[in-house]
Each structure stands twice: as structure tokens, then as C-alpha cells.
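Heads up: the structure comes next, in C-alpha cells.
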Amino acid sequence: MFAIVALLGVLVSAILLVRDSKKRSGKIAYGRILLAVGLTFFAAGSYAGRGYYSDPIDFLAGYAGMLTFLWFIILRPKTKAEDFFGNGVSLLKEGQIESALSAFNDGLALTNRNKEKGYLLYNAAICNVRLGKDDVAIRTLDQAVSALPKLKSKARKDRDFSQLQENEQFQSLLK
């Protein structure tokens, strides 16, 4: 029975790794794998605790898994905006603009710090420019500059905003 539960846990872990590695940052994907492995050993440990296993190794592995599971649920570090920022930048470099925009927006929901907000909004503005949403890009860039004023000089030089150079709103934003 332990072998079946362990095999199921490995299968779930592999599915989570493949699915999450493309959508989320590595820390989140590996955290979910840790959860699946913890659940696997927790299930095995619950059988061990009821006396279904006489082998002390199975018993200890089960309870170690239970502790791992409890750590993940109760004490695990929370996902940070930085994780979404890093993921968004990677997606942007790969040309997955809409996914990158989604990652930046998800990061915005996790932070109140102006520096993080500024960089997340700045990159969201770049995504909007690449998607042809110039008005949204300018509004987003305005929010980024409000959160982190030093981004104004960066935006003047950034090639991603070159198509907006003639736009009056863009010019007034960067004065």
C-alpha cells in the first residue's frame, strides 16, 4: 500500500512540476511539489500510525512527511512580489507578453512597497506597449513613476517606449 501511495505522490509531483514551471516562478512550483510529497508521506504515516506497517522506517517516513506537510501549510514563507516579477521578466524575454503582464499584475496584488510597485508597473507598461495598448501603457507608466520617480529617466531612454515618443501624454508624463 505504501508503494502505491508513494507512486501516486510522485506522479502528482511530476504533474505539478511540469504545469507550474511554465506558469509560476520556481519557488512556487517547488513549494507545491513539497506539498504533494508531504501529503504522500502524511498518508503513509497515517497508515503507519494505525499499525498497518510494522517497519519503523515506514513509520518514521510517514511522520516526517506529516511534519513537512504541516510546515508547508502553517509555516511556509509567503509568495513574494519578487517571485512574480522574476517570472514576468522571464516570460517577457520569451515573448509571452500576456503571461508576463499577468505575472506583473499578480505581483502588484502582493505588495504595498513603492519600489516593488514601481518596477512591476513599469514592466506592465512595457507589456501594454508591446500589445499595442498605448493608452493603457501610458496610464500604467504614470502609476509606476508616481510610485518610483527615478523610473522617469529610465523610461526616456528605454527602447520599449520609443513608439510613444511622439505621444503628447507620454511627453508630458516624462517632463
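Numbers for the structure displayed
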quantity	calculated
Subset tally (residues that are in contact with a Gly (Cβ under 8 Å, 6 or more places away or on another chain) and within 22 Å of Gln163 (Cα to Cα)) for the stretch 105-123	2
Filter result for the condition that a residue is buried (at least 17 other Cβ atoms within 10 Å of the Cβ), assigned to a helix (DSSP H, G or I) and of a type in the set (D, E, K, R), over Glu116, Glu98	Glu116
Unique match (being buried (at least 16 other Cβ atoms within 10 Å of the Cβ) and more than 22 Å from the chain's Cα centre (by Cα)) among Asp134, Asp83, Asp106	Asp134
Flag for Ala147 being of a type in the set (A, V, I, L, M, F, W, C), surrounded by 16 or more Cβ atoms within 10 Å (Cβ to Cβ) and free of Cβ contacts under 8 Å to residues at least 60 places away in the same chain	yes
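Since every read-out is calculated from the coordinates, none of them should be taken as a lab result. Note that the structure is predicted; figures quoted are calculated from it, not measured. Here the Cβ is made from the backbone with ideal geometry for all residues, glycine too, and neighbour counts use every protein chain on show.
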